[in-house]
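I have placed the structure first, in the form of structure tokens, so that the comments after it can refer back to it.
The values are calculated or read from the model by the stated rules, or taken from the named source; none is laboratory data. In this text, all values refer to a predicted model and were calculated from it rather than measured experimentally. Please note: Cβ atoms are built from the backbone with ideal geometry, for glycine as well, and neighbour counts cover all protein chains shown. Protein only, heavy atoms only, side chains kept; ligands, DNA and RNA dropped before computing areas. Shrake-Rupley method; radii C 1.70, N 1.55, O 1.52, S 1.80 Å.
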Amino acid sequence: MPNKNLFFLALGFVLSSLGLWALAGINLPHTFTAGNPIRAAEVNANFAALNNALPGVAQAVESDTADIPNFPNSLRRSVTINVPGPGYVRVSASLQLNMVYTGDSSALFTVALANEPDVIRPDQDKRISLPGGLPNWTYIQIVSSERVFPVDSAGPKTFYLLVEENSATQGQVARSTLTATFLSGMGTVQSP
């Protein structure tokens with residue numbers, strides 16, 4: 001009976017490995033055939049190849065509420081992902097923006113995803129505003145943003161969520177999630 005369980009365990013391992021290999025297009029350094037002995041070093045090399053080729057994911061979750069500093073400073077949160085090589089990193093963020101509105105002027109906030117800690121480029125930002133003349137209140141908006149950044153080498157890469165207050169209205173960030181996912185390649189989109 002134990003040999004039968006071992007057979008099904010090995011069969012499951014082989015089928016799972018083949019399924020992952022087919023889906024990810026990964027080249028494994030060793031292939032195994034029936035009747036030949038399997039060496040631990042070869043199996044470990046295959047696992048290492050899978051580990052290095054499959055996309056990595058990193059996530060930073062903040063449940064604390066933090067005040068957004070006055071312009072030109074920004075609230076900064078970060079996530080670091082270890083990428084196996086050149087490719088792309090998809091960075092996404094979601095947060096609760098509390099806008100403490102106490103006046104007749106308009107309110108403006110900038111939310112951005114960036115690959116530098118203090119630089120918000122125009123193609124990386126999202127503007128959230130309130131018109132003037134609203135009742136004094138704390139207005140809450142759920143904000144999400146997503147960007148894809150190219151990476152040219154293996155190693156740790158850090159990405160940032162930056163939130164700026166661009167008016168006299170005070171603001172806070174609560175319950176933010178910042179996620180980075182490594183993508184080994186991306187397709188091409190063509191116009192019809």
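Any chance the range 73-94 includes a residue that's touching a helix residue (DSSP H, G or I) at 6+ places or on another chain (Cβ under 6 Å) and crowded, with 18+ Cβ neighbours inside 10 Å?
The initial filter retains those residues of the range 73-94 that are touching a helix residue (DSSP H, G or I) at 6+ places or on another chain (Cβ under 6 Å), namely 84.
After this cut, where a residue has to be crowded, with 18+ Cβ neighbours inside 10 Å as well, the list is none.
No.
Results for (1) closer than 17 Å to Thr110 by Cβ; (2) over 17 Å from the mean Cα position of the chain (by Cα); (3) in contact (Cβ under 8 Å) with a residue 24 or more places away in the chain, shown as yes or no for each residue.
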{"site": "Ser63", "(1), (2), (3)": "no, yes, yes"}
{"site": "Asn70", "(1), (2), (3)": "yes, yes, yes"}
{"site": "Ser74", "(1), (2), (3)": "yes, yes, yes"}
{"site": "Arg77", "(1), (2), (3)": "yes, no, yes"}
{"site": "Ile81", "(1), (2), (3)": "no, no, yes"}
{"site": "Gly85", "(1), (2), (3)": "no, no, yes"}
{"site": "Val91", "(1), (2), (3)": "yes, no, yes"}
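Answer with yes or no whether Asp104 is at pLDDT below 90, among the charged types (D, E, K, R) and farther than 23 Å from Phe159 by Cβ. Explain how you work it out, then say what you get.
Working: at pLDDT below 90: yes; among the charged types (D, E, K, R): yes; farther than 23 Å from Phe159 by Cβ: yes.
Yes.
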Taking the range 67-107 and keeping residues closer than 25 Å to Asn136 by Cα, of a type in the set (D, E, K, R) and either part of a strand (DSSP E or B) or in contact with a strand residue (DSSP E or B) (Cβ under 6 Å, 6 or more places away or on another chain) (or both) leaves Asp67
Is there a residue in the range 73-84 that is at pLDDT 80 or above and in contact with an Asp or Glu (Cβ under 7 Å, 6 or more places away or on another chain)?
yes
Please identify the pairs in which a residue from the range 129-144 that is farther than 26 Å from Val91 by Cα has its Cβ atom under 7 Å from the Cβ atom of a residue that is part of a loop (DSSP other than H, G, I, E, B), counting only partners at least 6 apart or on another chain.
Leu130/Ser106; Pro131/Ser106; Gly132/Asp104; Gly132/Ser105; Gly132/Ser106; Gly133/Asp104; Asn136/Thr102
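Working only within the range 125-150, note down all residues that are over 20 Å from Leu183 (Cβ atoms), of a type in the set (Phe, Trp, Tyr) and open to solvent by less than 70 Å² (accessible area, probe 1.4 Å). Before the answer, list the steps.
Applying the first criterion (over 20 Å from Leu183 (Cβ atoms)) to the range 125-150 yields 125-143.
The next check asks that each one be of a type in the set (Phe, Trp, Tyr); those that pass are 137, 139.
Across the range 125-150, the qualifying residue is only Tyr139.
Are any of the residues in the range 109-124 in a strand (DSSP E or B), out of contact with any Cys (no Cβ under 8 Å at 6 or more places or on another chain) and open to solvent by 30 Å² or more (accessible area, probe 1.4 Å)? Steps first, answer last, please.
Going residue by residue through the range 109-124, those that are in a strand (DSSP E or B) are 109-114.
If we keep only those that are out of contact with any Cys (no Cβ under 8 Å at 6 or more places or on another chain) as well, we get 109-114.
If we keep only those that are open to solvent by 30 Å² or more (accessible area, probe 1.4 Å) too, we end up with none.
No; the residues of the range 109-124 include none that is in a strand (DSSP E or B), out of contact with any Cys (no Cβ under 8 Å at 6 or more places or on another chain) and open to solvent by 30 Å² or more (accessible area, probe 1.4 Å).
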